[in-house]
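Okay, structure first, notes after.
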Amino acid sequence: MAKPNYSFEKRQREIAKKKEKDEKDARKREAREAAKQSSGSGEASADDSSDPATTA
């Protein structure tokens with residue numbers, strides 16, 4: 001009987017976790033852009049400069 005390949009399963013879990021994180025970041029980015037468009041441009045420039053995701 002073949003033994004299970006745990007490293008393959010671990011890699012698949014890592015890929016799934018990364019995909020979920022990327023999707024969540026995309027939703028947050030879309031929400032931020034929508035809020036920026038609906039609010040004034042003065043507030044949006046302050047939000048962009050303090051956002052660690054865009055500066056990193």
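Quick note: the coordinates plus some simple rules give every number you see, no bench work behind them. This one's a predicted model, so the numbers in the text were calculated from it and none came from an experiment. Counting neighbours? That spans all protein chains shown, and the Cβs are built from the backbone with ideal geometry, glycine included.
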Note, Asp22: beta-carbon cut-off 14 Å, +1 each Lys/Arg, -1 each Asp/Glu, net +3
Ranked from fewest to most other Cβ atoms within 10 Å of their own Cβ, Arg29, Arg13 fall in the order Arg13, Arg29
Taking 0.36 nm per residue of separation between Lys28 and Met1 and subtracting their Cα-Cα distance, the length gained on full extension comes to 5.1 nm
